[in-house]
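Below: one structure, written as structure tokens.
The values are calculated or read from the model by the stated rules, or taken from the named source; none is laboratory data. Keep in mind the model is a prediction, meaning the values are calculated, not measured. As a convention, Cβ positions derive from the backbone with ideal geometry for all residues, glycine included, and neighbour counts pool all protein chains shown. Each accessible area value is taken on the protein alone, full model and side chains, heavy atoms only, with ligands, DNA and RNA left out. Shrake-Rupley method; radii C 1.70, N 1.55, O 1.52, S 1.80 Å.
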Amino acid sequence: MKIQDIRSFNQYVKTEPPKHEWIDIGSYPETFILATPPVYPNFYRISIKFGLEGEGNKSLMFFSSPNQPIAWETRTPFEGYYIQITEDIISNHQHLEYSFLAYGLHEPLYLEKEEEVVIIRLFKDALMEYKRENFSMNLLLAYCNLMFAHISKFYERQFGERKEKYNRLVNDFFELLNTYYNSNNENIAQPTVSYFAKRLNITPNYLSDLIRFHTGKPVLEHIHLKIIEVSKNLLKNNQYTVSEVAYKLGFEYPNYFSRLFKKVTGNSPSYFRNK
């Protein structure tokens with residue numbers, strides 16, 4: 001079910017209506033629904049929850065972006081705070097465009113106790129301002145910016161500490177990448193970040209940040225390097241024309257492949273094959 005605005009979502013989950021159509025800040029009430037099938041809110045959601053089933057006394061942060069499915073199911077009420085903010089606000093304030101906003105519910109942030117104190121304080125300060133009769137939008141966005149900067153730093157800490165989980169994801173990505181062209185499928189598509197993220201059941205933003213953190217290179221660069229590696233092997237045997245190599249690698253237009261090859265290697269595919 002698609003939900004087009006914050007007011008409709010709040011009515012659906014049984015929480016207070018927003019004071020503004022562009023931004024909403026609140027705390028989870030006891031009336032908040034405990035379960036829902038996937039819904040698709042048309043705005044960003046940033047939340048901190050504590051008292052979740054199976055998580056003990058840990059505080060978790062969750063993020064979702066416009067039209068991204070969210071669903072949950074729990075038997076007991078939980079506590080916490082949330083910020084809901086429209087896509088227009090984020091896109092018109094580029095300093096708020098953090099990649100973790102599109103991580104999705106599958107990649108929560110587990111807060112350390114000292115991190116929890118920082119985030120809860122910012123939520124409370126933002127909520128106090130939001131409740132004023134004439135709140136300052138600039139001040140609310142400043143609170144968001146400061147909170148997002150902290151969250152980005154906390155995710156880096158989590159990437160470094162939860163090595164077993166993340167090393168497995170990184171290894172799974174490279175296994176998928178290294179075997180992508182092994183099949184004889186003539187209709188193979190050019191590999192994309194979204195393809196690998198879907199196979200790994202994570203979001204593209206999360207995959208990109210994870211790979212960059214662990215390798216120092218963005219995931220798209222790794223994909224391009226693999227394309228060039230495979231293309232070099234195909235070009236060396238002189239069995240295929242440059243256009244045929246491009247099609248075998250999933251490029252719809254051979255000139256796109258030639259452009260990428262020259263960008264990565266400094267030479268055209270034809271020059272490489274003939275040298």
Among GLY26, GLY80, GLY160, which one shows the biggest mean-square fluctuation in a GNM of the chain, springs joining Cα atoms closer than 10 Å? GLY160
Calculate the FRET efficiency for GLN239 and GLN190 from the Cβ-Cβ distance with a Förster distance of 25 Å, rounded to the nearest 0.05. 0.75
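Which helices count as membrane-span-like in the chain under these terms: full DSSP H, at least 18 Å along the axis by C-alpha, Kyte-Doolittle mean of 0.0 or more?
113-130, 137-161, 219-236
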Computed from these coordinates, which is percent of Cα pairs over 23 Å apart: [x] 52; [y] 61; [z] 55? [y]
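Percent relative contact order of the stretch 1-139, based on C-alpha pairs within less than 8 angstrom and at least six residues apart?
Result for the stretch 1-139 is 25 percent.
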Tally up the carbon and sulfur contribution to the accessible surface of the chain as a whole percent, 1.4 Å probe, everything protein left in place. 47
Could you list the residues of the stretch 17-52 with an amide nitrogen less than 20 Å from a label point located 7 Å from the Cα of ALA71 in the Cα-to-C-beta direction? 33-43, 45
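At 1.4 Å probe size, with every protein chain present, just tell me what the per residue accessible area of the chain comes to in Å².
54
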Could you work out the relative contact order of the stretch 81-194? I mean the mean sequence separation of Cα pairs under 8 Å and 6+ apart, divided by the number of residues, in percent. 25
